[in-house]
1. Spot the failing condition for LEU579; the list is (1) hydrophobic (A, V, I, L, M, F, W, C); (2) surrounded by 18 or more Cβ atoms within 10 Å (Cβ to Cβ); (3) under 30 Å from LYS224 (Cβ atoms), and only one is missed.
2. When segment 118-135 is examined, which residues are found to be more than 10 Å from the ligand (Cβ to nearest atom), out of contact with any Leu (no Cβ under 8 Å at 6 or more places or on another chain) and not small (Gly, Ala, Ser)?
3. Has segment 383-403 got any residue that is within 26 Å of ASN632 (Cα to Cα), surrounded by 15 or more Cβ atoms within 10 Å (Cβ to Cβ) and touching a residue at least 40 places away in the same chain (Cβ under 8 Å)?
4. Please enumerate the residues belonging to segment 151-182 that are under 18 Å from ALA213 (Cβ atoms) and either within 16 Å of the ligand (Cβ to nearest atom) or not in a helix (DSSP H, G or I) (or both).
5. Out of (1) assigned to a loop (DSSP other than H, G, I, E, B); (2) without any contact (Cβ under 8 Å) to a residue 60 or more places away in the chain, what's the single condition that is false for SER410?
6. Here's a check for you: in segment 27-67, which residue that is touching a helix residue (DSSP H, G or I) at 6+ places or on another chain (Cβ under 9 Å), open to solvent by 30 Å² or more (accessible area, probe 1.4 Å) and within 20 Å of ARG9 (Cα to Cα) is farthest from the ligand (Cβ to nearest atom)?
7. Could you list, in sequence order, the residues of segment 584-602 that are of a type outside the set (A, V, I, L, M) and either open to solvent by 30 Å² or more (accessible area, probe 1.4 Å) or on the phi > 0 side of the Ramachandran plot (or both)?
8. So, in segment 164-185, how many residues would count as being of a type in the set (Asp, Glu) and surrounded by 15 or more Cβ atoms within 10 Å (Cβ to Cβ)?
Amino acid sequence: MTEAVTIARDGEIAIVTIDNPPVNAMSFHVREPLMAALNALRDDASVAGIVLACAGRTFVAGADITEFGKPMQQPELRDLIAALETLGKPAVAAIHGTALGGGLELALGCHFRVAEASAKLGLPEVKLGILPGGGGTVRLPRLVGPIKALDMIVSGTPISAKDALASGLVDAIDEGDLVAKAVAFAREQAKSGTPPVAVRDRNNLIENADLAAFDARAAELAKKARGLEAPVACAESVRNALTLPFDEAQAKEREIFAKLVAGDQSKAQRHLFFAEREAAKVPGVGKDVKPREIARVGIIGAGTMGGGIAMAFVNGGIPVTILEMSREALDRGLGMIDKNYAISVSRGSLTEEAKAKRMAAFTPTTDYADLADCDLIIEAVFEEMSVKKEVFGKIEAVAKPGAILATNTSYLDVNEIAASTSRPQDFLGLHFFSPANVMKLLEIVRGAKTAPDVLATALAVGKKIGKVPVVVGVCHGFVGNRMLGARGAETEPLLLEGATPDQVDKVFTDFGWPMGPFQMWDLAGLDIGWRNRKAQGKKAIIADTLCEQGRFGQKTGRGMYLYESGSRTPTPDPEVAALIEEKAKELGIERREISSQEIVERTFYPLINEGAKILEEGIAARASDIDIVWVNGYGFPIGKGGPMFWASLEGFGKIVERLDYWYARTGKEIFKPAELLRKAAETGKLADAA
Ligand code: 3H9
């Protein structure tokens, strides 16, 4: 093992290098030798200045997140920062890769910062449910100004080196030998004889801060926080930097950090950070399995789904051949894509030039033979087994050997479709979520015969196009939609028994979902579920009746709710209330008061129960994979960490007890507790796949 901190000399300048792979996190075994190194250099009269650099692929990417929640070992990050500030000689951070969180805070402890042109700098702590706890909220505004600091800290989004130079965060950008440049910088500063000024003592930008403008921006950002504590706390802490003396503001930052890091929201968000990385590790797909190369993708179908999937690949830099049955359908699909990009241009997130480049990456065709050079071919056609099989018959006839064939089915049996081809080893499901160019989740459906390198390819290409991929097994609806079915099974019965649509929706939005199930129906269009139900011979008593009345939701101005013309704000409709009462009467259901707790127990608990059954069957490899599916594909509030993590907070014992109650009362399968859940009630932990 190499030493975590080493010192080299270039004349009178000392180069301190941190080497803690993979991302140089500030673990205790880095902090301790770094403090020793700084103390030694402070006392060494032959040293005129120091450069703080990192080995490997990046500058320090932050505090070591695995140490959170455990007693903090001394020295702490803030002690190191204080040591840097009081060295009495110039300290220069040499930044390559990413300087994030505690890494950027360490660099802010240096008197100067030199960055590689490709570097990124940011304080992403908010995404872990905390705020920068190493003085980031009190130092950053002193360099870049209060509003820029507020935006960076509340969003957590890193900025480029170029932006950092323009805003005063870095002092120079280097294209060549970064450490040599930083050494030259330190030497020049040391020679100047001017004592270096610590960032904490640079008060210009904050003394003249416009508090009213700051508060207005903070209020704007708070609106987007949607129940999360960290963004609001970040803003509060930056404000303290403007109104309080440095030490007082820093002490408050520390207090808030300690409170947030111990809270459930941060635990949930840290769980999601590691869960996302775990999801990329798939049983049976070792690091030695090499993905196949994907240089061109073929998409069958240019409708909403096919078009969205095609955009996702083109946005990720992979050209697409897009196939439709007719020229008109192709033109319509490409017209839609063009319109979507035009919206991005009008919002300023895409230039005209970039739009033209993206449009040029689509090769439209009506001829299957044009798919011959595609490395991955995805069908996004009508959700019907016979149609899918027919399409794959045509694809197989032209696809080159080794091309990966994928279905975007939401519910159908991937093994059955795979078996209809002669290459089931090259076959899998790639389940995108609508709008596919926006939604992060990608369920990769592993068929019985899918080859490991096909899975590795899907994971790699998914990451390349900015998706969060999760490998799941074959069952009706896979992980997400199968659990959605369990969550929604009791929504109509709840209405018939006495709840109102807005009461149910409010339980959901109070929990942190972006909207409730009935608002969702209205947004998606009630007619979509109606059509599906008719095809499957199923019924939904309230929703079907509304559809028969032409009430399809937002698009017709009436659905489960009423919508003023052009508005998306739902208003409860007395006609719907009357319809519910009438149907309940017809069915002989006696209506009663329904509590919020009952709504939770009959919707969220079956969701968790179904998740546990999915784990039991090995459809998901880990409980955390299920959390990733729900947070990225279905709007489960990130501050609650996904359904399975939330279940651990709610208490497995309590959930099982209430499921038993509802199962005894209704006999419905969705309430019959999974064995895994029963075991979790005893052990306090949900075991992974059987
Ligand atoms: C903070 O700094 C608090 C301070 O303000 C106050 C303190 C008092 N710690 O993402 P990757 C692991 S909070 C521990 O796949 P990439 C990661 O789990 C921190 N482990 O690589 C993975 O492990 P494995 C603020 C960490 O190249 C491996 O490293 N900083 C940490 O795609 C590779 O990670 C952040 O939030 C960590 N800080 O992306 C930055 N970071 O291989 C968090 C990573 O076992 N990190 N690991 O699965 C990132 O955003 C990305 O890792 C980064 C590299 C962009 C750096």
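The values are calculated or read from the model by the stated rules, or taken from the named source; none is laboratory data. No experiment lies behind these values; they were computed from the predicted model shown. Counting neighbours? That spans all protein chains shown, and the Cβs are built from the backbone with ideal geometry, glycine included. Surface accessibility is based on the protein's heavy atoms, side chains included, excluding ligands, DNA and RNA. Shrake-Rupley method; radii C 1.70, N 1.55, O 1.52, S 1.80 Å.
1. (3)
2. Of everything in segment 118-135, nothing turns out to be more than 10 Å from the ligand (Cβ to nearest atom), out of contact with any Leu (no Cβ under 8 Å at 6 or more places or on another chain) and not small (Gly, Ala, Ser).
3. There is no residue in segment 383-403 that is within 26 Å of ASN632 (Cα to Cα), surrounded by 15 or more Cβ atoms within 10 Å (Cβ to Cβ) and touching a residue at least 40 places away in the same chain (Cβ under 8 Å).
4. Start the filter on segment 151-182 by keeping residues that are under 18 Å from ALA213 (Cβ atoms), which leaves 151-155, 167.
Once the filter is applied, which keeps residues that are under 18 Å from ALA213 (Cβ atoms) and either within 16 Å of the ligand (Cβ to nearest atom) or not in a helix (DSSP H, G or I) (or both), segment 151-182 yields MET152, ILE153, VAL154, SER155.
5. Status for SER410: all satisfied but (2).
6. If we take residues in segment 27-67 being touching a helix residue (DSSP H, G or I) at 6+ places or on another chain (Cβ under 9 Å), open to solvent by 30 Å² or more (accessible area, probe 1.4 Å) and within 20 Å of ARG9 (Cα to Cα), then ALA48 is farthest from the ligand (Cβ to nearest atom).
7. Start the filter on segment 584-602 by keeping residues that are of a type outside the set (A, V, I, L, M), which leaves 585-586, 588, 590-593, 595-598, 601-602.
Correct list: LYS585, GLU586, GLY588, GLU590, ARG591, ARG592, GLU593, SER595, SER596, GLN597.
8. Restricting attention to segment 164-185, the residues satisfying the condition of being of a type in the set (Asp, Glu) are 171, 174-175, 177.
With surrounded by 15 or more Cβ atoms within 10 Å (Cβ to Cβ) added as a condition, the list becomes 171, 174.
Matching residues across segment 164-185 total 2.
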